[in-house]
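FYI, it's all coordinate maths here, none of it is from the lab. All figures in this text were calculated on a predicted structure; none of them were measured in a lab. Quick reminder, even Gly has a Cβ in these numbers, built from the backbone with ideal geometry, and neighbours come from all protein chains shown.
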Amino acid sequence: ARIEESKRLAASQAVQDHLLPTYTHIGIGSGSTVVYVVDAIASLPRSVTSQMAFYPTGDQSRDLIKAAGFRLGYIEDLPRGQMLDVCFDGADEVDPALNLIKGGGACLLQEKIVATAARKFVCVADFRKISKNLGTEWKQGIPVEVFPMAVPRVLDELKRLGSTGAKIRPGTPGKAGACVTDNGLRIVDAAFKPLLTQLPEGKKDGEEGVWTVDGLARRLIEIPGVAEHGLFYGKSGLEVESGAQKPVAAYF
Ligand code: DER
């Protein structure tokens with residue numbers, strides 16, 4: 001209950017700080033923490049939330065928005081160049097530079113599209129997600145979304161990159177076969193040694209399987225058959241013109 005309470009408190013603080021009543025386009029992530037974000041938004045006056053459209057990051061997120069009675073937005077209908085005002089989403093692990101591992105809920109691809117479409121991406125996560133180096137608290141590996149036909153070769157390439165163990169994510173009880181994402185693809189969870197935010201003197205990125213967050217993120221996306229991965233890295237939203245993968249703030 002302590003964890004659920006910490007999620008609820010973090011979510012209401014994040015909404016209080018970052019959801020301005022003048023906003024009209026809100027991105028909603030996936031997972032269990034973002035449920036508390038929607039609850040916090042639903043406690044605002046209807047006169048405010050009825051002026052807003054809410055952009056989902058997958059089937060669960062869409063159901064959440066509809067269950068709250070909120071208006072659904074379709075990000076493909078946004079006028080060119082228009083951004084969402086804010087996006088709220090969870091994370092599996094957060095390092096001090098606010099790099100994230102996401103994808104524990106297999107929703108990372110649409111989450112990254114919506115997060116980077118927002119002027120402000122705000123991460124809400126319970127205290128278990130706080131980490132000094134990505135890969136030390138979240139041990140399931142970095143979620144990588146892969147086209148089914150490429151899975152075996154992606155597994156080989158991950159091994160060559162120094163992954164300490166990569167495997168296809170199994171389906172859940174009641175669904176035979178591998179996990180199938182909202183995009184009809186597969187998830188490979190690839191464990192690596194703890195990721196660094198900067199390289200030690202004289203070391204090359206990837207040497208002996210030790211990577212920086214940015215270095216590994218750029219390598220993963222190059223592997224043929226990889227559609228997206230769960231490392232949210234680079235500059236944060238306020239430092240860059242367009243949306244950023246990293247949040248501008250994290251609430252625990
Ligand atoms: O899949 C995802 O990226 C989700 O945001 C997930 O990482 C957070 O899930 P949780 O809020 O249930 O911990």
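With contributions of -39500 (n - 2.57) from each DSSP H run of at least four residues, the per-residue ellipticity at 222 nm computed over the chain stands at -7500 deg cm²/dmol. Can you tell which of Ala40, Ala67, Ala178 shows the greatest fluctuation in a Gaussian network model of the chain with Cα springs below 10 Å? Maximum fluctuation in the GNM of the chain, among the listed residues, is at Ala67.
Near Lys7, which lysines are there with a Cα under 16 Å away, not counting those fewer than 8 places off in the same chain? Within reach: Lys129.
The DSSP beta bridges internal to the chain are antiparallel in roughly 50% of cases. Enclosing the Cα atoms of region 1-142 in their convex hull gives a volume equal to 108 cubic angstrom per residue.
The amide H of Ala53, built 1.01 Å from its N in the peptide plane, has His25, Ile26 as neighbours under 5 Å, considering only residues 5 or more places off or on other chains.
Normalised by residue number, the volume inside the convex hull of the Cα atoms of the chain is 132 Å³ per residue. Among Ala176, Ala191, Ala68, the largest mean-square fluctuation in a Gaussian network model of the chain (Cα springs under 10 Å) belongs to Ala176. In plain terms, the residue of Leu195, Leu238 with the fewest other Cβ atoms within 10 Å comes first and the most crowded comes last, giving Leu238, Leu195. Phi-derived couplings, Karplus 6.51 cos²θ - 1.76 cosθ + 1.60 at θ = phi - 60°, listed residue by residue for region 71-80: 7, 7, x, 10, 4, 6, 9, 5, x, 3 Hz, with x used for Gly and Pro.
Coupling constants for region 191-197 follow from the phi torsions by the Karplus curve (6.51 cos²θ - 1.76 cosθ + 1.60, θ = phi - 60°), and in residue order they are 7, 9, 4, x, 7, 9, 8 Hz; glycine and proline get x.
The length gained on full extension between Asn133 and Lys175, counted as 0.36 nm times the residue separation minus their Cα-Cα distance, comes to 11.7 nm.
3J(HN,Hα) couplings calculated from phi for region 111-122 with the Karplus curve 6.51 cos²θ - 1.76 cosθ + 1.60 (θ = phi - 60°) are, in sequence order, 5, 6, 5, 6, 4, 7, 8, 9, 5, 10, 10, 10 Hz; Gly and Pro show x.
Using the Cα centre of region 1-90 as the reference point, and only Cβ charges (+1 on K/R, -1 on D/E), how large is the resulting charge dipole? Debye, rounded to the nearest 20. Show your work: numbers first, answer last.
Numbers: 8 positive and 10 negative charges, 32 e Å.
Its charge dipole is roughly 160 debye.
Legend: calculated FRET efficiency, Gln198 to Lys159, from the Cβ-Cβ distance at R0 = 25 Å, rounded to 0.05, equals 0.45. If the elastic network links every pair of Cα atoms under 10 Å, which of Asp189, Asp39, Asp126 fluctuates the most in the Gaussian network model of the chain? Looking only at Asp189, Asp39, Asp126, the largest GNM fluctuation is found for Asp39. For helix 33-42, report the angle its Cα long axis makes with the longest principal axis of the Cα atoms of the chain; keep it between 0 and 90° and round to the nearest 10°. The answer is roughly 10 degrees. Note on the chain: dipole from Cβ charges, positive end direction compared against Gly174, Ala244, Val226; the farthest Cα belongs to Gly174.
Taking Cα atoms of region 37-92, Rg/Rh with Kirkwood Rh, to two decimals? Each step should come with its number before you reach the end.
On the way: Rg = 11.7 Å, Rh = 12.2 Å.
Computed over Cα atoms, the ratio is 0.95.
Taking other C-beta atoms within 10 angstrom as a stand-in for reagent exposure, Arg2, Arg186 fall in the order Arg2, Arg186, fewest first.
Tell me which trypsin sites (Lys or Arg not before Pro) from region 45-131 have a DSSP coil assignment and no more than 15 other beta carbons within 10 Å of their own. Walk me through the numbers before you get to the answer.
Working: sites: Arg46, Arg62, Lys66, Arg71, Arg80, Lys102, Lys112, Arg119, Lys120, Arg128, Lys129; in loops: Arg80, Lys102, Arg119, Lys120.
Hits after loop and neighbour filter: Arg80.
About the Cα centre, and with charges only on the beta carbon of Lys, Arg (+1) and Asp, Glu (-1), how big is the dipole of the chain? Nearest 20 debye, please.
Working: 30 positive and 30 negative charges, 54 e Å.
Here the size comes out at about 260 debye.
Of all lysines in the structure, those lying under 18 Å Cα to Cα from Lys112, and not within fewer than 8 positions of it along the same chain, are Lys102, Lys120, Lys235, Lys246. Considering only Leu196, Leu108, Ser32, and ranking their Cα positions along the charge dipole of the chain that arises from unit charges at the beta-carbon of Lys, Arg, Asp and Glu, the one farthest toward the positive end is Ser32.
Going by how many other beta carbons lie within 10 Å of each one, how would you line up Asp89, Asp214, fewest first?
Least crowded to most crowded, the residues run Asp214, Asp89.
Pull up the DSSP beta bridges for region 60-191 and report the antiparallel fraction as a percent, rounded to 5. Kindly include the intermediate steps, with their values, before the conclusion.
On the way: 12 of 17 bridges.
Close to 70 percent.
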